[in-house]
Amino acid sequence: MVETSGKRKFRRVLLKLSGEALREPGSTDNISPPIVEDIAAQIKAAHQTGLEIALVVGGGNFWRGVTASNRGMERATADYMGMLATVMNALAVQSMLEAMDVPTRVQSAIKMDNVAEPFIRRVAMRHLELGRVVIFAAGTGNPFFSTDTTAALRASEIGADAVLKATKVDGIYDSDPKKNPNAVRFEHISFLDALTKQLKVMDAAAFSLCSENNMPIVVFSMEEPDNVRKALIGEPIGTVVS
């Protein structure tokens with residue numbers, strides 16, 4: 001990641017969206033087409049600049065494996081169900097992007113030839129080089145790993161410049177801003193400081209993977225209009241962990 005005149009210069013990035021980001025707050029609908037359309041439009045605007053974009057979308061709007069496991073379901077089975085939920089979200093985003101004439105490919109870590117390609121690293125990288133948005137679905141294909149870890153792993157595999165993590169808050173704070181009105185937001189923080197301060201940037205496995213591979217993480221709020229596009233094209237929003 002190169003910074004010029006205060007703007008981050010990306011060639012290839014991985015955008016991590018939660019499944020909840022596709023749902024209207026308070027709604028019983030799992031997916032809101034207008035929200036997906038807005039996200040797709042922002043991705044398209046960034047894609048038109050020549051940026052190579054990969055996505056990982058969580059499945060929490062349909063199913064959370066950890067929650068089901070805590071209620072008595074066998075953990076591996078619950079996690080596999082969560083992986084299938086991410087495929088549904090990936091297809092929803094793909095459909096909206098394709099409707100906007102953005103070429104896409106969904107690659108699944110679980111083989112399902114009728115709806116997605118299998119994940120093959122070199123094929124994914126070639127798709128990106130050819131200007132296609134690649135959406136990675138079904139997590140890592142293994143239980144006990146989150147989609148945060150999937151994002152960190154896939155970003156490292158494809159040689160992305162950064163992981164862009166969309167959240168409900170506008171960056172990383174020294175304490176919970178919902179509980180502490182005097183919480184201070186960091187514009188930049190090192191992996192070591194984030195670890196020693198016990199700031200919950202990502203789950204431990206994902207954070208460790210990014211740290212070990214020197215993969216910057218940009219944490220930003222997608223609640224503000226146009227923030228997904230701004231993050232993708234490198235405008236200085238949110239917090240950078242590097």
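The values are calculated or read from the model by the stated rules, or taken from the named source; none is laboratory data. Since the model is a prediction, treat every value here as computed from it, not as a measurement. Cβ: placed from backbone, ideal geometry, glycine included. Neighbour counts: every protein chain shown.
What the table below lists for this structure:
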| quantity | calculated |
| --- | --- |
| Some residue of segment 188-198 being part of a loop (DSSP other than H, G, I, E, B) and of a type in the set (A, V, I, L, M) | no |
| Filtered residues of segment 121-157 (kept if of a type in the set (Val, Ile, Thr) and over 19 Å from the mean Cα position of the chain (by Cα)) | Val123 |
| Looking only at segment 85-109, and only at residues there that are more than 16 Å from Leu55 (Cα to Cα) and out of contact with any helix residue (DSSP H, G or I) (no Cβ under 6 Å at 6 or more places or on another chain), the one that is surrounded by the fewest Cβ atoms within 10 Å (Cβ to Cβ) | Asp101 |
| Residue count, segment 55-80 (criterion: touching a strand residue (DSSP E or B) at 6+ places or on another chain (Cβ under 6 Å) and not β-branched (Val, Ile, Thr)) | 1 |
| Subset tally (residues that are more than 19 Å from the chain's Cα centre (by Cα) and either surrounded by 17 or more Cβ atoms within 10 Å (Cβ to Cβ) or within 12 Å of Ala116 (Cβ to Cβ) (or both)) for segment 69-79 | 2 |
| Residues of segment 202-213 classified as in a loop (DSSP other than H, G, I, E, B) and over 12 Å from Val163 (Cβ atoms), total | 1 |
| Qualifying residue in segment 162-172 (condition: more than 18 Å from Ser146 (Cα to Cα) and over 17 Å from the mean Cα position of the chain (by Cα)) | no |
| Of the criteria (1) in contact with a strand residue (DSSP E or B) (Cβ under 8 Å, 6 or more places away or on another chain); (2) without any contact (Cβ under 8 Å) to a residue 40 or more places away in the chain, which one Glu52 fails | (2) |
| Number of the condition not met by Asp148 [criteria: (1) touching a helix residue (DSSP H, G or I) at 6+ places or on another chain (Cβ under 6 Å); (2) charged (D, E, K, R); (3) without any contact (Cβ under 8 Å) to a residue 24 or more places away in the chain] | (3) |
| Filter result for the condition that a residue is touching a residue at least 60 places away in the same chain (Cβ under 8 Å) and either of a type outside the set (D, E, K, R) or closer than 14 Å to Phe136 by Cβ (or both), over Ala76, Ala109, Ala90 | Ala76 |
| Selected residue (criterion: modelled with the lowest pLDDT) from residues of segment 195-242 that are among the charged types (D, E, K, R) and under 30 Å from Gln48 (Cα atoms) | Glu223 |
| Of the criteria (1) under 19 Å from Thr140 (Cα atoms); (2) at pLDDT 95 or above; (3) of a type outside the set (S, T, N, Q), which one Ala45 fails | (1) |
| Matching residues, segment 146-193, being of a type in the set (S, T, N, Q) and buried (at least 23 other Cβ atoms within 10 Å of the Cβ) | Thr147, Thr149, Thr150 |
| Of all residues making up segment 71-129, the number that are closer than 19 Å to Ser146 by Cβ, in contact with a Ser or Thr (Cβ under 6 Å, 6 or more places away or on another chain) and of a type in the set (Gly, Ala, Ser) | 2 |
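Yes/no matrix, rows are residues, columns are (1) in a loop (DSSP other than H, G, I, E, B); (2) within 26 Å of Ser208 (Cα to Cα):
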| position | (1), (2) |
| --- | --- |
| Ile110 | yes, yes |
| Phe136 | no, yes |
| Asn142 | yes, yes |
| Thr149 | no, yes |
| Ala166 | no, yes |
| Pro177 | yes, yes |
| Asn180 | yes, no |
